[in-house]
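K.L.:
One structure is given below, represented as structure tokens, and several questions about it will come after.
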Amino acid sequence: MTEHELTPPAARTGGWQAISEAASTGDFILQVCESCESVQYPPRELCGNCLKDELEWKQVSNKGRLISNTVLHASTNAFFRAYGPRQIALVKLDSGAVLFAHMAHNKAQPGDNIYLLNRLDLSGEGVFIAIIEGSDEKTQLDEFKILLLQNN
């Protein structure tokens, strides 16, 4: 198999489209409720806090703390089987939202300060990557060269 012969899964919900569009410019956006200002993730139609439908996509802080991380050794998807194992992280943003992200640094510990990048993967979809604050971003992104479009 040659490098980039397979691509990551492209099937995402319609709510993910704004995240992918923002990834093309490296912006980090999530839905924010106009009524209660709660940051939402995953994308949804109603605010998880106040149940109003006043959600707007906005630039939010990409900083947070690592809750946990694990290594996935198996997958039903051909891409992740071929290029595994992959480390994933559960991150709580300073805004309160909790989300999953890919993570390169295998020495990360719960409580570490993390920031997230929103980048395009090889399928053209946005993907979150967790970087340990104070580490070399380029080195960590190099770990994802098989996953990300080269212009990231």
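The values are calculated or read from the model by the stated rules, or taken from the named source; none is laboratory data. Computed from a prediction, not measured in an experiment: that's the story for all the values here. Neighbour counts are summed over all protein chains in view; Cβ atoms, including those assigned to glycine, are modelled from backbone coordinates with ideal geometry. Side chains included, ligands, DNA and RNA excluded: accessible areas come from the protein's heavy atoms. Shrake-Rupley method; radii C 1.70, N 1.55, O 1.52, S 1.80 Å.
K.L.:
Along the charge dipole of the chain, which of L141, V60, A82 sits closest to the positive end, that is, farthest toward it, with unit charges on the beta carbon of Lys, Arg, Asp and Glu (+1, +1, -1, -1)?
P.N.:
Positive-most Cα among the choices belongs to A82.
K.L.:
What part of the accessible area of the chain, given as a whole %, is carbon or sulfur when the probe is 1.4 angstrom?
P.N.:
Details: 4010 of 8330 Å².
In the chain, the share of accessible area belonging to carbon and sulfur is 48 percent.
K.L.:
Hey, what's the chain come to in accessible area per residue, 1.4 Å probe, Å²?
P.N.:
Values: 8330 Å² over 152 residues.
Ligands and nucleic acids excluded, the result is 55 Å² per residue.
K.L.:
Expressed in nm to one decimal, what extension gain is obtained for the pair Q109 and S24 from 0.36 nm per residue of sequence separation less their Cα-Cα distance?
P.N.:
Working it through step by step, the gained length comes to 27.6 nm.
K.L.:
Something else about it: How far apart, in nm, are two points set 7 Å out from the Cα along the Cα-to-Cβ line at D136 and at S61?
P.N.:
2.9 nm
K.L.:
Take C36, project a point 7 Å from its Cα along the Cβ direction, then tell me which residues of region 63-103 have their backbone nitrogen under 20 Å from it.
P.N.:
Backbone N within reach: 92-99.
K.L.:
Right, here's the next one. Taking springs between alpha-carbon atoms closer than 10 angstrom, which of V71, V91, V32 fluctuates most in the Gaussian network model of the chain?
P.N.:
Between V71, V91, V32, it is V71 that shows the largest mean-square fluctuation.
K.L.:
Sticking with this one: Collect residues whose amide H, placed 1.01 Å from N in the peptide plane, falls under 5 Å from the amide H of L30; neighbours closer than 5 in sequence don't count.
P.N.:
Distant-sequence amide H within range of L30: K58, V60.
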